[in-house]
Amino acid sequence: MHTLLLATIIDGAATESCDYDVAVDGGAFQPASTATPGPAEFQVDDGASFLDIRATPHAPDFWPVQGRFKFQFPGSPDLIPIDAPDSFGPPRSSGSPGAFLIVVDTYLSRLRDASAACLASLAAVPPYRLTSVPGSWPPAAWETPPVSGIDCLDPAPVAGGVLQATSHTIDPAGEDVVFERKGTAVPQLIAVNWPTTAAPYSAAAPTPFLVYLHANMSQSAASYYLGPYPFHFDYVFYGLWNYLNYRQSPLTQWPFSLGLPYQVAMSGKPVVTVLPCSHVSKEIGSFRGAADVATTLRDIQGCMFRRAGVYDPPPDLGRVALAGFSGAGGFLAAFLNDPVNRTGPFYANHLREVYSFDVPDDTVLGLATAITNWRASVTATDTRAAVYRQTDHIALHSYYPLAERPASGPFVTTTGDGSRTLGLIGAGHWRAAAAARGHPTMGYTFEEVHHMFPSTLLVDALRRSGF
């Protein structure tokens, strides 16, 4: 008889908070023994050909997993996964014929791959959205493919009072996944773009993350989010796909798709993009709390490393940026001001960058104050903040004093120590940039100019970042 040991790992630590059942050669599932402390045990006849292993977590916020394994030949100690998710680590064995000890580690997660379900959602276009999707639809894969003709702001985005941009073909090479969180807490869907520049490997450094918060969904509920959360077309298309992809050049043709991974790629920074799918009434949900964000990022890191076959992810997170567009500036301010967040390790050890794109007048004071207080409250000396708006506001005079910046816009300027960036670019300058590129009608609505900020300026914030 062989002894099969089934070990459970959650958040990098061994635990016994899981039940196991094993079926031998297609037979009925039988429970593994938990009579002794440590891994669950199951006795396997040395003539067995294959096993099905089912893991059922005790806690409701972890997904159950099941996989099939085969022995290389009857009596062999070598157990080989043939239809098993990467939640199961590579089996390992020791001992002698007829009495082998075989160990299988199970890495439980709050996340599971929902990319296929999101693709199906994109294909199920409601009749009232048929004119909203690109001409070539639906996409064949959940991905951010190479796109040509994208006007990307230059490293010096303003010169002589004129916006500077160059057309590029951009390929944000990497892996795109949408994870579904177990349970009903918002966000339930979290899109991830993991660039090849941050490819997982054994003993890798902690992963750098950009967490991008969606603009207020509640203000658009009546027009854009008409179906049930989270898998309705509206949420997947507007809440995720539209933020990740570029449809056309944001400067001249279509600023409403933000192309977040494309901007990361153009910045040259090896940063993982994390996009939680907000809810029309609950907005960013539990991502208001730093502890939940940190736990989710660690889980994402572990999942993505396992997808690459690496089972020793970094023990902690790397540098993290928190960013948002428009009314999401209010979420940023609330996150930074939250007294629980302010006393936690994520705030002190990982959150190092905050970016805001065209925050509205009724939010800019709270955001500027929160950024100032955040920078003063952490001991780290390498924090970075970037605020971009169409117009100046008195609240920004303490964030970036008048004496330290250009006398008039447009400009994007950074303090000598690199800690604060301010960009002020009025609507007329965006219109002029589009017209100079053959699109004289672009930039004459508020929403067009409003969306040019997040669809073009993330690359600037990252170029000036500490990543």
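Miscellaneous remarks
- Criterion violated by Pro37 - all others in (1) of a type outside the set (Asp, Glu); (2) more than 25 Å from Tyr311 (Cα to Cα); (3) open to solvent by 30 Å² or more (accessible area, probe 1.4 Å) satisfied: (2)
- Index of the failed condition, Leu4 passing every other in (1) closer than 21 Å to Cys303 by Cβ; (2) open to solvent by less than 30 Å² (accessible area, probe 1.4 Å); (3) in a strand (DSSP E or B): (1)
- Only one of Ala395, Ala370, Ala427, Ala407 that is within 27 Å of the chain's Cα centre (by Cα) and without any contact (Cβ under 8 Å) to a residue 60 or more places away in the chain: Ala370
- Subset of the stretch 373-387 that is free of Cβ contacts under 8 Å to residues at least 40 places away in the same chain and of a type in the set (A, V, I, L, M) - its residue that is most open to solvent (accessible area, probe 1.4 Å): Ala376
- Within the stretch 54-76, the set of residues being in contact with a Gly (Cβ under 7 Å, 6 or more places away or on another chain) and open to solvent by less than 30 Å² (accessible area, probe 1.4 Å) comprises just one member, Gly75.
- Whichever residue in the stretch 79-131 is among the basic types (Lys, Arg) and open to solvent by 60 Å² or more (accessible area, probe 1.4 Å) and, among such residues, is farthest from Leu5 (Cα to Cα): Arg112
- Verdict on Ala334 being aliphatic (A, V, I, L, M) and touching a Lys or Arg at 6+ places or on another chain (Cβ under 7 Å): yes
- Only one entry of Val354, Val359 meets the criterion of being buried (at least 24 other Cβ atoms within 10 Å of the Cβ), in contact (Cβ under 8 Å) with a residue 24 or more places away in the chain and assigned to a loop (DSSP other than H, G, I, E, B), and that entry is Val359.
- The residue pairs whose first member lies in the stretch 258-273 and is over 14 Å from Ala191 (Cβ atoms), whose second member is polar (S, T, N, Q), and whose beta carbons are closer than 6 Å, counting only pairs six or more residues apart or on different chains, are Pro270/Thr197.
- Selection from the stretch 285-337 of residues that are basic (Lys, Arg) and within 17 Å of Arg112 (Cα to Cα): Arg298, Arg306, Arg307
- Check on Tyr246, farther than 30 Å from Asp312 by Cα and either hydroxyl-bearing (Ser, Thr, Tyr) or open to solvent by 10 Å² or more (accessible area, probe 1.4 Å) (or both): yes
- Failed criterion for Ala321 (all others in (1) farther than 30 Å from Phe88 by Cα; (2) of a type outside the set (D, E, K, R); (3) part of a helix (DSSP H, G or I) hold): (3)
- Some residue of the stretch 115-138 being part of a strand (DSSP E or B) and either touching a Ser or Thr at 6+ places or on another chain (Cβ under 6 Å) or without any contact (Cβ under 8 Å) to a residue 24 or more places away in the chain (or both): no
- Residue count, the stretch 255-310 (criterion: of a type in the set (Lys, Arg), open to solvent by less than 40 Å² (accessible area, probe 1.4 Å) and in a loop (DSSP other than H, G, I, E, B)): 1
- Residue tally, condition within 12 Å of Met452 (Cα to Cα) and touching an Asp or Glu at 6+ places or on another chain (Cβ under 6 Å), over the stretch 219-251: 2
- Scope the stretch 324-349; condition outside any helix (DSSP H, G or I), without any contact (Cβ under 8 Å) to a residue 60 or more places away in the chain and open to solvent by less than 40 Å² (accessible area, probe 1.4 Å); matching residues: Gly344
- Among the residues making up the stretch 240-254, those that are in a loop (DSSP other than H, G, I, E, B), in contact with a helix residue (DSSP H, G or I) (Cβ under 9 Å, 6 or more places away or on another chain) and closer than 25 Å to Leu119 by Cβ are Asn245, Tyr246, Pro250, Trp254.
- Residue within the stretch 329-346 that is touching an Asp or Glu at 6+ places or on another chain (Cβ under 6 Å) and under 30 Å from Phe88 (Cβ atoms) present: no
- Among residues of the stretch 212-238, those that are touching a strand residue (DSSP E or B) at 6+ places or on another chain (Cβ under 9 Å), buried (at least 22 other Cβ atoms within 10 Å of the Cβ) and part of a helix (DSSP H, G or I), counted: 2
The values are calculated or read from the model by the stated rules, or taken from the named source; none is laboratory data. Remember, predicted model here, so these are calculated numbers, not experimental data. Note: ideal-geometry Cβ built from the backbone for every residue, glycine included; neighbour counts use all protein chains shown. Quick note on the areas: whole protein, heavy atoms, side chains included, nothing else; ligands and nucleic acids left out. Shrake-Rupley method; radii C 1.70, N 1.55, O 1.52, S 1.80 Å.
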